[in-house]
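Undergrad: So that we are looking at the same thing, I have put the structure below in structure tokens.
Every number in this text was worked out from the coordinates using simple rules, so none of it is lab data. As the structure is a computational prediction, the values presented were derived from the model and not from experiment. Here the Cβ is made from the backbone with ideal geometry for all residues, glycine too, and neighbour counts use every protein chain on show.
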Amino acid sequence: MVTIVFRFPGGRYHATPTGHHVNEGWIEWPPSPWRVLRALIATGFTKLHWVTIPDPARSLIEMLADTLPEYVLPRAGTGHTRHYMPLASIDKGREKTTLVFDSWADVGKGQLAIRWNVILPEEQTQLLRNLVESMSYLGRAESWVAGSLADDSWSPPPDSLRAYPCEGSNRPGAGWEQVALLAPEPANEYSRWRESQMACMPQVTEKPKKKGKKKSTKHESDIPEDLIACLLVDTTWLEASGWNQAPGSRKALYWRPFRALEPGAPLRRRAMHNAPPVEAMLLALSTPSGNMHALPPITRVLPQAELLHRSLVSHIARLSPSHHGTLTGKSENGSPRRGHSHVHLLALDLDSDGHLDHFLLWAPAGLDAACQEAVRATRKTYMKGGVGELQLAISGAGSLGDLRTAPGPEGKNLLQSIGVSPVWTSATPLVLPRHLKSKGRHTLEGQIQEELASRGLPPATSIEILSQQQDFLRRFPHFVRVRRSGPPPPADQGYALSLSFDQPIAGPLCLGYGSHFGLGRFVTSSPPPS
């Protein structure tokens, strides 16, 4: 018994079965006998520096071709990537690309064994050992292998699977499937077939030079002289000679367990039952194309926050049966939650281009493990019109103090919303929560002071209405100020204010109607021009 054992250092095996296009996503598993023998020959030319195939190698290949091998398979899953490969041509100012699938068997640290029921002479055994140990890949070039020739004491791992020829074996029963692998014909059978073909072939003194769409007859040069020559032909030669399958090859049916290739379903993230609560989470927003200018404009902070909140509530309901008012904003009886300890969804423009690119989820009461899991499970949100679907990714999580140390220009812009300052300026319109009165508690100043008190903040010493002639305030009239799924404000009017305090206060600072969805947000200084 001859046994070759392959390990896959990259953990993957890439190969497409003969007769299938790479974009069909098929994986040749196990590797076909035809592929293995061709790989041995190729290794001889590239690593052992053959100029022609030596006689011992011919004898070795023919002996291995005379019998169909059995396989010992590791547990394997499936996976693929998609690549837009350049075609080196320009169309309308852009380089053309084509979509290519790269499918593979994920074998991890498992070992593949191929076993032939033959006895090799010592010379061929040593040659096979040299070839196998010199082989660097099997299948496509990214299928790295480290091979060895096992001795008679080798035994299959306990969790391995078998694949064996259907020829001469009984049906194994439930849990098995048939797969077709390309295998070589025995050398003597190919020789007899070639002789019969040559005998009935018309005598042609010269091969036709003019090529038609399809060849109706084959010339002597279209039939390789022996099995070794068949294993050496390439795809170009096969197409030019009119072959739809390599001469000297056959389709051999194998029994393979159903679970030999298991679909690589994404692993569900383990619930973070012991994760400590966090005060804030920062989400990055992007489009599928990566075009940042296709993101929602800053005037849509309110509707974008509502759409994200809807997704978060859906995920928390699916992941946890318990009530999580911090994320839903509702009490257990379904009424709106009182106070401001539940989550604020603040859409931000951290690169100052006039488009929303981040969400700051801030909850003074803290986001527990289940809430964090719901946020991490929310991978997308939407916008009305435009690109439609938007992608979400976690950018940071922790306390506000942690986020205040974020580096770079975006960290500096984030600090405007969560920093510490005695003076705060409107970044989004403030909509009053009650009807404006000329005197009493519901004046502009009275409502602002009441909003500050409800958040445990000191009263403002100065409240100034800013002129909307300033550059960064010119967009304020265009902001969406009415919730789509909630009660309307008493008056659809937004204010731009500057608030001063006796002592520095820490942000975020959000006041008024829709403050949990981004309206009435203040920053430590005037926003940078967009």
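Undergrad: Identify the GluC sites (Glu not before Pro) of segment 275-371 meeting these criteria: DSSP loop state and at most 11 other C-beta atoms within 10 Å of the C-beta.
TA: Passing sites in segment 275-371 are Glu332.
Undergrad: For segment 252-407, what class follows from the C-alpha gyration tensor (a ≥ b ≥ c being the square roots of its eigenvalues): rounded when a/c is under 1.5, otherwise prolate if a/b is larger than b/c, else oblate?
TA: Oblate is the answer for segment 252-407, as a/c is 1.5 or above yet b/c matches or exceeds a/b.
Undergrad: For segment 108-168, which chymotrypsin sites (Phe, Trp or Tyr not before Pro) are both in a DSSP coil and crowded by at most 13 other Cβ atoms within 10 Å?
TA: Answer in residue order: no site qualifies.
Undergrad: Continuing with this model, one more query. Would you indicate which of (i) 232; (ii) 154; (iii) 261 is the value of volume of the Cα convex hull per residue in Å³ derived from the coordinates of this structure?
TA: Among (i) 232; (ii) 154; (iii) 261, the one derived from this structure is (i).
Undergrad: Related question: Compute the distance in nm between two label points, each set 7 Å from the Cα along the Cα-to-Cβ direction, one at Asp91 and one at Ser438.
TA: In this crude spin-label approximation the distance works out to 7.0 nm.
Undergrad: Could you give the angle, 0 to 90 degrees to the nearest 10, between helix 408-418's Cα long axis and the longest principal axis of the Cα atoms of the chain?
TA: So the inclination is approximately 40 degrees.
Undergrad: Assuming 0.36 nm per residue, please report the length gained on full extension of the stretch Met292 to Thr125 beyond their Cα-Cα distance.
TA: This chain segment gains 54.0 nm when fully extended.
Undergrad: Here's a follow-up. Can you tell me the FRET efficiency between Ser134 and Ala393 if r is taken as the Cβ-Cβ distance and R0 is 60 Å, rounded to the nearest 0.05?
TA: E(calc), rounded to 0.05, equals 0.85.
Undergrad: Out of all DSSP beta bridges with both ends in the chain, state the antiparallel percent to the nearest 5.
TA: In the chain, DSSP labels about 95 percent of beta bridges as antiparallel.
Undergrad: I've got another one for you. So which GluC sites (Glu not before Pro) in segment 67-142 pass both tests, a DSSP loop state and at most 13 other Cβ atoms within 10 Å of the Cβ?
TA: Here the GluC sites (Glu not before Pro) that fit, given the DSSP loop and packing criteria, are Glu142.
Undergrad: Rounding to the nearest 10 and keeping the result within 0 to 90°, find how far the Cα-based axis of helix 301-319 lies from the longest principal axis of the chain.
TA: That helix lies at roughly 60 degrees to the long axis.
Undergrad: Relative to the longest principal axis of the C-alpha atoms of the chain, give the angle of the C-alpha long axis of helix 444-454, reported between 0 and 90° and rounded to the nearest 10°.
TA: Once rounded, one gets 60 degrees.
Undergrad: Lys and Arg at +1, Asp and Glu at -1: add these up for the other residues within a Cβ distance under 12 Å of Ala146 and post the number.
TA: +1
Undergrad: Order of Thr287, Thr235 from fewest to most other C-beta atoms within 10 Å?
TA: Thr235, Thr287
Undergrad: Which three extents, in whole angstrom, do the alpha-carbon atoms of segment 451-530 cover along their principal axes, largest first?
TA: Sorted from largest, the Cα extents of segment 451-530 read 36, 30, 19 Å.
Undergrad: Taking 0.36 nm per residue of separation and subtracting the Cα-Cα distance, what length does fully extending Phe258 through Asp152 add?
TA: That works out to 35.3 nm of additional length.
Undergrad: Please work out the FRET efficiency for the pair Glu225 and Glu142, using the Cβ-Cβ distance as r and a Förster radius of 30 Å; give the result to the nearest 0.05.
TA: It comes out at approximately 0.30.
Undergrad: So if each residue of separation counts as 0.36 nm, and I subtract the Cα-Cα distance between Val482 and Leu232, what length gain in nm does that give?
TA: 82.7 nm
Undergrad: When a/c reaches 1.5 or more, the comparison of a/b and b/c decides; with that in mind, is segment 278-523 rounded, prolate or oblate per its Cα gyration tensor?
TA: rounded
Undergrad: Here is a further query. Within 10 Å of each residue's Cβ, count the other Cβ atoms and sort Trp104, Trp50 from fewest upward.
TA: Trp50, Trp104
Undergrad: Would you mind ranking Thr125, Thr236, Thr326 so that the residue whose beta carbon has the fewest other beta carbons within 10 Å leads the list?
TA: Ascending number of Cβ neighbours within 10 Å: Thr236, Thr125, Thr326.
Undergrad: Holding the Cα-Cα limit at 32 Å, pick out from Lys380/Lys412; Lys384/Lys437; Lys47/Lys109; Lys47/Lys251; Lys47/Lys96; Lys412/Lys439 the pairs that are longer than that.
TA: Long pairs (Cα-Cα over 32 Å): Lys384/Lys437; Lys47/Lys96; Lys412/Lys439.
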